[in-house]
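Trainee: This is the structure I want to talk about, given as structure tokens.
The values are calculated or read from the model by the stated rules, or taken from the named source; none is laboratory data. In this text, all values refer to a predicted model and were calculated from it rather than measured experimentally. Cβ atoms come from the backbone with ideal geometry, glycine included; neighbour counts cover every protein chain shown.
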Amino acid sequence: MNLYDRYVMPCLIDGCCGMPAVQQQRAKLLPRATGRVLEIGIGTGRNLPFYDPARLKTLEGLDPAGQMNAKAMKRAKQAGIDVQIVTLSAETIPADDASYDTVVCTFTLCTIPDPIKALHEMRRVLRPSGQLLFCEHGLAPDAGVSKWQHRLTPWWKPIAGGCHLNRDVPSMLAAGGFRAVEIESSYLKGPKPLVWVTRGVAVAA
Ligand SMILES: C[S@@+](CC[C@H](N)C(=O)[O-])C[C@H]1O[C@@H](n2cnc3c(N)ncnc32)[C@H](O)[C@@H]1O
């Protein structure tokens, strides 16, 4: 791994993921996680302070970028939450079918190399009554913005750890076998190509 990916990129991601407008989205979503919970692409653990520990039976996180784990473990300790983190990718989740009550995926479908495969895995490991809590930035509906998202993605991707600005979140959920039961999209405060965010709850279609 080069020095940029080891030291600079985690700081950049942690900074972007900690913007106040993003934190507000987390505050709306994470308290709803319940039971056995799996967080996909846990990163530096930005979601950890927003879980309601009383609702959690277990919390596990996965992320292939092991260089982010230390920060996540520090945040877990500060939040008083037990979390098990494994350095793995979401395209192959090492869990039995129907293992989790909640899968959490925030600001990660943009980066996973094969997001549809990962969503199929998330669906597989969710119990039939389970829920996917998602909050993702993606392709904006306005032509003037989406044009820039397509143009900027090849430049942005290597800087931002593989992040795409132009992935269509509702289409990915459907292709991954999910049906959104709650879904809300809006621009957050910030540069428009980066801040079209879709948040909600999905279940197996
Ligand atoms: C922009 S960060 C978001 C981190 C965190 N989910 C949050 O909300 O702050 C994207 C994360 O996706 C992770 N990621 C990249 N490829 C992945 C994969 N194949 N499976 C799971 N996570 C992945 C990255 O390592 C990174 O931590």
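Trainee: Among (1) over 25 Å from ILE116 (Cα atoms); (2) more than 11 Å from the ligand (Cβ to nearest atom), which single condition is GLN84 missing?
Mentor: (1)
Trainee: Okay, next question. Hey, among the residues in the stretch 185-202 that are more than 16 Å from the chain's Cα centre (by Cα) and assigned to a strand (DSSP E or B), which one's nearest to CYS17 (Cα to Cα)? Full working, then the answer.
Mentor: Quick first cut of the stretch 185-202, residues more than 16 Å from the chain's Cα centre (by Cα) only: 186-193.
So of that shortlist, the ones also assigned to a strand (DSSP E or B) come out as 186-187.
Working: SER186: 17, TYR187: 15 Å.
Checking each candidate, the answer is TYR187.
Trainee: Tell me which residues, restricted to the stretch 98-127, are assigned to a loop (DSSP other than H, G, I, E, B), near the ligand (Cβ under 9 Å from one of its atoms) and not hydrophobic (A, V, I, L, M, F, W, C). Write out each step before concluding.
Mentor: Filtering the stretch 98-127 down to residues assigned to a loop (DSSP other than H, G, I, E, B) leaves 98-99, 107-114.
Adding the requirement that they be near the ligand (Cβ under 9 Å from one of its atoms) leaves 107-114.
THR108, THR111, PRO113, ASP114, listed by residue number.
Trainee: Which residue is farthest from PRO128 (Cα to Cα), if the candidates are limited to the stretch 32-90 and must be surrounded by 21 or more Cβ atoms within 10 Å (Cβ to Cβ) and of a type in the set (Ser, Thr, Tyr)?
Mentor: THR44
Trainee: Okay, moving on. Conditions: (1) among the hydroxyl-bearing types (Ser, Thr, Tyr); (2) touching a residue at least 24 places away in the same chain (Cβ under 8 Å); (3) under 23 Å from GLY66 (Cα atoms); (4) more than 10 Å from the ligand (Cβ to nearest atom). TYR4 meets all but one. Number of the miss?
Mentor: (2)
Trainee: Do you know which of the residues in the stretch 13-32 that are within 9 Å of the ligand (Cβ to nearest atom) and under 15 Å from ILE159 (Cα atoms) is nearest to the chain's Cα centre (by Cα)?
Mentor: Ranking the qualifying residues of the stretch 13-32, first place goes to CYS17.
Trainee: If you go through the stretch 89-97 one residue at a time, do you hit one that is away from the ligand (no atom under 12 Å from the Cβ), acidic (Asp, Glu), touching a residue at least 24 places away in the same chain (Cβ under 8 Å) and under 20 Å from ALA54 (Cα atoms)?
Mentor: No, there is no match, as no residue in the stretch 89-97 is away from the ligand (no atom under 12 Å from the Cβ), acidic (Asp, Glu), touching a residue at least 24 places away in the same chain (Cβ under 8 Å) and under 20 Å from ALA54 (Cα atoms).
Trainee: Only one residue in MET68, MET1 is over 21 Å from GLU184 (Cβ atoms), hydrophobic (A, V, I, L, M, F, W, C) and in contact with a Ser or Thr (Cβ under 6 Å, 6 or more places away or on another chain), so which one is that? So that I can check it myself, show each step before the final result.
Mentor: Values: MET1 fails: in contact with a Ser or Thr (Cβ under 6 Å, 6 or more places away or on another chain).
None of the other options fit; the residue is MET68.
Trainee: For the stretch 1-14, give me the residue count where each residue is of a type outside the set (Asp, Glu) and under 17 Å from CYS135 (Cα atoms). Spell out how you get there, then give the answer.
Mentor: The initial filter retains those residues of the stretch 1-14 that are of a type outside the set (Asp, Glu), namely 1-4, 6-13.
The next check asks that each one be under 17 Å from CYS135 (Cα atoms); those that pass are 13.
Count: 1.
Trainee: Could you tell me which of the residues ARG75, ARG46 is basic (Lys, Arg), at pLDDT 95 or above and part of a helix (DSSP H, G or I)? Even if it seems obvious, please write down each step before you answer.
Mentor: Numbers: ARG46 fails: part of a helix (DSSP H, G or I).
Of ARG75, ARG46, the one residue that is basic (Lys, Arg), at pLDDT 95 or above and part of a helix (DSSP H, G or I) is ARG75.
Trainee: Which numbered condition trips up LYS57, out of (1) more than 17 Å from the chain's Cα centre (by Cα); (2) part of a helix (DSSP H, G or I)?
Mentor: (2)
Trainee: Also: If you check every pair at least six apart or on different chains, which have Cβ atoms under 6 Å apart with a residue in the stretch 186-205 that is small (Gly, Ala, Ser) first and a residue that is part of a loop (DSSP other than H, G, I, E, B) second?
Mentor: ALA205/GLY177
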